[in-house]
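Just below is one structure, and these are the notes that go with it.
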Amino acid sequence: GTRVSKCQISRPILIGNDAKPLTPEERAHAHTDHTHTWRIFVEGVDGEDISKWIKKVVFKLHDTYNNSTRSIESLPFEVIETGWGEFDIMIRIFFMPETHEKSLTFYHRLKLHPYGPRMEEEKAAGGLVESVQYEEIVFNEPFEYTYKLFSEN
Ligand code: SLL
């Protein structure tokens, strides 16, 4: 394959988490000390099927978790867990081998508690919180495979 020179493709993705407090019944069945259920995810924007160009996503959780490195190789690229604390999750995105792109690493701070500008709404929603970051993945002088993938639509 060859690279398409003087070309730059950027693709938006969403990296984030949602979380909510466990109900008393859920707490009775969860690990001692666990207070929340949460989901960390990498998603396309407007429902885009990112599995066409993302091969797998590896989420590195806090060492307090069993099997703290979670490798997700198909949609949805997400991990659902319960826990008690907030921590930084390392997220490594691997691209399809045909793209010849190196993996990229991102960090996301897991949010469990209401705070910040949306605190009152989050409290009113029963402690349902969400923290999402918008990222642009830039392919510089992409291989023809990648170029064609995104010029088809
Ligand atoms: C804190 N630095 O002290 C952070 C650490 C770790 C959170 C948070 C689950 C643990 C398990 C869990 O919530 N770990 O499943 O044993 O706040």
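Globularity index of the range 27-100 is 1.27 (Cα radius of gyration / 2.2 N^0.38 Å, N = number of residues). When the trypsin sites (Lys or Arg not before Pro) in the range 69-153 are filtered for DSSP coil states and for at most 15 other beta-carbon atoms within 10 Å of their beta-carbon, the remaining sites are LYS102, ARG118.
Per-residue Karplus couplings for the range 11-18, computed as 6.51 cos²θ - 1.76 cosθ + 1.60 with θ equal to phi - 60°, are listed in order as 10, x, 9, 10, 10, x, 9, 10 Hz, Gly and Pro entered as x.
Counting neighbouring beta carbons within 10 Å and listing from fewest to most, the residues TRP53, TRP84 come out as TRP84, TRP53.
Pairs of Lys residues in the range 36-153 are counted when their Cα atoms are under 21 angstrom apart and they lie 8 or more places apart or on different chains; the count is 10. Using θ = phi - 60° in the Karplus curve 6.51 cos²θ - 1.76 cosθ + 1.60, the 3J(HN,Hα) couplings for the range 117-131 round to x, 9, 3, 5, 4, 5, 5, 5, 8, x, x, 6, 10, 8, 9 Hz; x is entered for Gly and Pro. Can you give the Rg/Rh ratio of the chain, where Rg is from the C-alpha atoms and Rh is the Kirkwood radius? On the Cα set of the chain, Rg over Rh gives 1.05. When HIS29, HIS100 are sorted by how many other C-beta atoms sit within 10 angstrom of their C-beta, beginning with the fewest, the order is HIS29, HIS100. As a proxy for reagent exposure, ranking PHE94, PHE87 by other Cβ atoms within 10 Å from fewest up yields PHE87, PHE94. Scanning residues 5 or more positions from ILE89 or on other chains, those with amide H under 5 Å from its amide H are HIS108, ARG109, LEU110, with H placed 1.01 Å from N in the peptide plane. Rounded to whole numbers, the Karplus 3J(HN,Hα) couplings from phi for the range 137-144 are 9, 10, 9, 8, 6, x, 5, 4 Hz, using 6.51 cos²θ - 1.76 cosθ + 1.60 with θ = phi - 60°, and x at Gly and Pro.
Where a number appears in this text, it was derived from the coordinates with a stated rule and is not lab data. Computed from a prediction, not measured in an experiment: that's the story for all the values here. Glycine also receives a Cβ, built like all others from the backbone with ideal geometry; neighbour counts cover every protein chain displayed.
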